[in-house]
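Trainee: Can you read through this structure? Questions will come right after.
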Amino acid sequence: MIDIRPATSRYTADHGWLQSNFSFSFAEYYDPDNRLFGPLRVFNDDVVQPGNGFGEHPHQEMEIVSIVLRGQLQHRDSMGNTEVLRPGEIQRMTAGTGIVHSEFNPSETEDLSFLQLWFLPSIRGLEPSYEQLAYDQEALINQLLPVVSSQPSSERVARIHQDLTLYLSKLETGKSLSFEQESGRYLYVFVIEGSLTLNGETLHTRDAARITDVTQLEIASDSGAHFMLIDLPAQA
């Protein structure tokens, strides 16, 4: 089954300095029927205005992945990490037994657009850790590039403590891909920009699909698309 969730179906919050779109229950938005998809707990699409950000706040027992689409994301945490994340980089943070961090847009002129995903870990009580890696943006073209995985295939893939792999891809006009999925697992597809079809079902910019009971997925685009695909277990 391919359950398409249009971009307009997301919960939207506008705080002036921050515009957020929540794909799952988060903060003031709560829907008991929209809390999880496998271990995927949060998928937030945020835009932060220049010189603003999230002050210090705690996390625990969560795997957190951040992907910058535009601008810069400055990160500080209680482990002593101070980093700036830019387009073409992946940040993975294991909150484990507890971590405090802040996220800030250091630019005075450019807004920050980024995606943040939270996954329930397969093991609780982990020591907190942080990882930031750059991926080859040219390698996204017309193929699925793993950038986060429980079993990294290279030093340019971030390691996550959950049985999943997160891929990024940029399909050129008229190109297509096939993905074979093991029975009993889930797929989550999010269109960052453009339009694509999944087994003939059409998605547009910021649309998502929650896919179950599909072992062969045909992905195509008539006009080009930048998208994310996550292969994940049915249970956390």
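Trainee: Under a 10 Å cutoff between Cα atoms, tell me which one of Gly200, Gly38, Gly71 has the largest fluctuation in the Gaussian network model of the chain.
Mentor: Of Gly200, Gly38, Gly71, the Gaussian network model singles out Gly200 as fluctuating most.
Trainee: Sticking with this structure for a sec: Can you tell me how the stretch 39-189 classifies by the Cα gyration tensor, rounded, prolate or oblate, using a/c under 1.5 as the rounded cut? The partial results should precede the final answer.
Mentor: Working: a/c = 1.98, a/b = 1.20, b/c = 1.66.
Oblate shape, in that a/c is at least 1.5 and b/c is the bigger or equal ratio.
Trainee: May I pose another question? From the phi of every residue in the stretch 151-158, what ³J(HN,Hα) in whole Hz does the Karplus formula 6.51 cos²θ - 1.76 cosθ + 1.60 yield, where θ is phi - 60° and glycine or proline is x?
Mentor: Karplus-based 3J(HN,Hα) across the stretch 151-158 equals 10, x, 8, 7, 6, 9, 10, 6 Hz.
Trainee: Now for a separate question. Provide the net charge surrounding Ala7, with neighbours chosen by a C-beta distance below 10 Å and charges set as Lys +1, Arg +1, Asp -1, Glu -1. Don't jump to the answer; show the numbers that get you there.
Mentor: Values: positive: Arg5, Arg10, Arg206; negative: Asp45, Asp207.
Summing Lys/Arg as +1 and Asp/Glu as -1 gives +1.
Trainee: At 1.4 Å probe radius, can you tell me the per residue accessible area of the stretch 78-236 in Å²? The partial results should precede the final answer.
Mentor: Details: 7020 Å² over 159 residues.
Value for the stretch 78-236: 44 Å² per residue.
Trainee: State whether the stretch 105-154 is rounded, prolate or oblate according to the following rule on the C-alpha gyration tensor (a ≥ b ≥ c being the square roots of its eigenvalues): a/c under 1.5 gives rounded; otherwise a/b larger than b/c gives prolate, and the remaining case gives oblate. Provide the component values of the computation, followed by the final result.
Mentor: Numbers: a/c = 2.34, a/b = 1.17, b/c = 2.00.
Note, shape of the stretch 105-154 comes out oblate.
Trainee: Follow-up question, since we're still on this one. At a 1.4 Å probe radius, carbon and sulfur cover how many percent of the accessible area of the chain?
Mentor: Numbers: 4640 of 10550 Å².
Of the solvent-accessible surface of the chain, carbon and sulfur hold 44 percent.
Trainee: Once you keep just the Cα pairs under 8 angstrom separated by 6 or more residues, what percentage relative contact order results for the chain?
Mentor: 20 percent
The values are calculated or read from the model by the stated rules, or taken from the named source; none is laboratory data. The structure presented is a predicted model; accordingly, all values stated were derived computationally and were not measured. Here Cβ is always computed from backbone atoms with ideal geometry, including for glycine, and neighbour counts include all displayed protein chains. These accessible areas exclude ligands, DNA and RNA; they are computed on the full protein's heavy atoms, side chains included. Shrake-Rupley method; radii C 1.70, N 1.55, O 1.52, S 1.80 Å.
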